[in-house]
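The values are calculated or read from the model by the stated rules, or taken from the named source; none is laboratory data. Since the model is a prediction, treat every value here as computed from it, not as a measurement. Virtual Cβ from ideal backbone geometry, glycine too; neighbours counted across all protein chains shown. Note: areas computed on protein heavy atoms with side chains; ligands, DNA, RNA excluded. Shrake-Rupley method; radii C 1.70, N 1.55, O 1.52, S 1.80 Å.
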Amino acid sequence: MGTIGAGFSMSLDGFIAGPDDDIQRLFAWMSLGDTDLNLSSGDTDFDLKVSSESAENFEKSIQSTGAIISGRRMFDVAGAWGGKHPMGVPVVVVTHTVPQEWAYEGSPFTFVTDGIESAIESARKIAGEKNIGVGGANITRECLKSGLLDEIHIDLVPVLLGQGVRLFEYLGIEPIELERTGVRVSPGVTHLSFRIIK
Ligand SMILES: NC(=O)c1ccc[n+]([C@@H]2O[C@H](COP(=O)([O-])OP(=O)(O)OC[C@H]3O[C@@H](n4cnc5c(N)ncnc54)[C@H](OP(=O)(O)O)[C@@H]3O)[C@@H](O)[C@H]2O)c1
């Protein structure tokens, strides 16, 4: 069975977006390398330049991911990725209200209104043996609190944003021990991977 992992570009002071959900500075490292990486969503082509190590990270992640679970805010902020997530996999959106325009037969989006465990069940059916990615700070915290997350991947950006959307706040839980499983240093970013010890 695949793992459930969350991955974010994060400032040193713990923000995954600045004010107004701005992620420009946090994603700047994706144009600082010497290796071309082309991704496309439903409405945008991303011609990225990353280090060969970062490109390898991306490729590995794209190949091993079978579905993504997104919080409704991330889905809305991304404009439903124009109808196709850049990783090219189906997305399970956790929400209280289903946006009817995206809920049709064959839609790349599945909407789940009865909680994170149900979302994981749906994502598992879609992903088969592949891994599940989790996106959105709120939804990631829910997975953490419920002990459902296996891995955390942080692309640590050397900037102090000071305000915005924090990843690790309001956890209200006992300390969670992590095992560091990977460190890769690239221009403008340090890729850190952790396994959650259960
Ligand atoms: N830096 C990066 O790598 C990166 C990557 C991804 C996202 N981001 C940023 O992350 C931010 C989005 O994260 P977020 O924490 O604000 O929101 P989020 O986790 O994407 O979504 C939270 C929303 O999901 C719905 N939801 C969550 N749990 C639910 C449950 N149990 N049952 C039903 N609905 C539930 C609710 O929406 P409703 O009540 O409206 O349905 C809730 O308000 C954006 O700023 C985005 O730019 C950054």
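Brief remarks on what is shown
- Counting the residues of the stretch 1-38 that are of a type in the set (Phe, Trp, Tyr) and either in a strand (DSSP E or B) or within 19 Å of Asn138 (Cα to Cα) (or both) gives 2.
- Of the residues making up the stretch 117-147, those that are touching a residue at least 60 places away in the same chain (Cβ under 8 Å), within 12 Å of the ligand (Cβ to nearest atom) and either in a strand (DSSP E or B) or open to solvent by 40 Å² or more (accessible area, probe 1.4 Å) (or both) are Gly133, Val134, Gly135, Asn138.
- Matching residues, the stretch 160-176, being modelled with pLDDT of 95 or more, more than 10 Å from the ligand (Cβ to nearest atom) and of a type in the set (Gly, Ala, Ser): Gly162
- Of the candidates Val189, Val157, Val93, the single residue that is within 25 Å of Ser41 (Cα to Cα), surrounded by 20 or more Cβ atoms within 10 Å (Cβ to Cβ), within 16 Å of the ligand (Cβ to nearest atom) and within 15 Å of the chain's Cα centre (by Cα) is Val93.
- Checking the stretch 44-54 against the condition returns no match, with no residue being near the ligand (Cβ under 10 Å from one of its atoms), in a loop (DSSP other than H, G, I, E, B) and either open to solvent by 30 Å² or more (accessible area, probe 1.4 Å) or not aliphatic (A, V, I, L, M) (or both).
- Selection within the stretch 96-112 - in contact with a Gly (Cβ under 9 Å, 6 or more places away or on another chain) and more than 16 Å from the ligand (Cβ to nearest atom): Ser107, Pro108
- Across the stretch 78-87, a minimum of one residue is classified as within 30 Å of Pro187 (Cβ to Cβ), at pLDDT 95 or above and surrounded by fewer than 16 Cβ atoms within 10 Å (Cβ to Cβ).
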